[in-house]
Amino acid sequence: MSACQRVNERFATSLFPLLGKNDLVWVHDYQLILVGEYLRRLGWKGKVGFFLHIPFPSPDVFEILPWARDLLNGLLEYDLLGFHTQRYRQNFVDVMDREVGGIWNDPH
């Protein structure tokens, strides 16, 4: 387990017992990108959102990341994702299309 994974797991483990039934969790930025996944593993069924404060890479850049699949799996645990610009959002959509084909639901 990487240091990033350990930190994200620790955040989720610390947060989980504090959550109420109707709470909303909102996670900010890449350092905590896996918190949503760890919350789900702990059994959190409530809403979780994530906002990325840096550009989301194009598919050609994303696919060369050695942990690309882990990041994508982590992002898919969120109920809502936010990006700074339409271009960064489109990069995410393009990555999803390339990685999982047309089996996901883009609400826009």
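The values are calculated or read from the model by the stated rules, or taken from the named source; none is laboratory data. The structure presented is a predicted model; accordingly, all values stated were derived computationally and were not measured. Every residue, glycine among them, receives a Cβ derived from its backbone with ideal geometry; neighbour counts consider all protein chains shown.
Miscellaneous remarks
- Only listed residue being on the phi < 0 side of the Ramachandran plot, assigned to a loop (DSSP other than H, G, I, E, B), among the aliphatic types (A, V, I, L, M) and free of Cβ contacts under 8 Å to residues at least 60 places away in the same chain, chosen from Leu65, Leu39, Leu81, Leu71: Leu65
- If you go through segment 46-80 and keep only what is crowded, with 16+ Cβ neighbours inside 10 Å and within 9 Å of the chain's Cα centre (by Cα), you end up with Phe50, Leu52, Leu71, Leu72, Gly74, Leu75, Glu77, Tyr78.
- Applying the condition of being among the polar types (S, T, N, Q) and surrounded by 15 or more Cβ atoms within 10 Å (Cβ to Cβ) to segment 1-38 and asking which residue is nearest to Pro66 (Cα to Cα) yields Gln5.
- Tally of residues being assigned to a helix (DSSP H, G or I) and either of a type in the set (Phe, Trp, Tyr) or modelled with pLDDT under 95 (or both) across segment 7-30: 3
- Here Arg41 passes the criteria (1) of a type in the set (Lys, Arg); (2) surrounded by 12 or more Cβ atoms within 10 Å (Cβ to Cβ); (3) at pLDDT below 95 except the one numbered (3).
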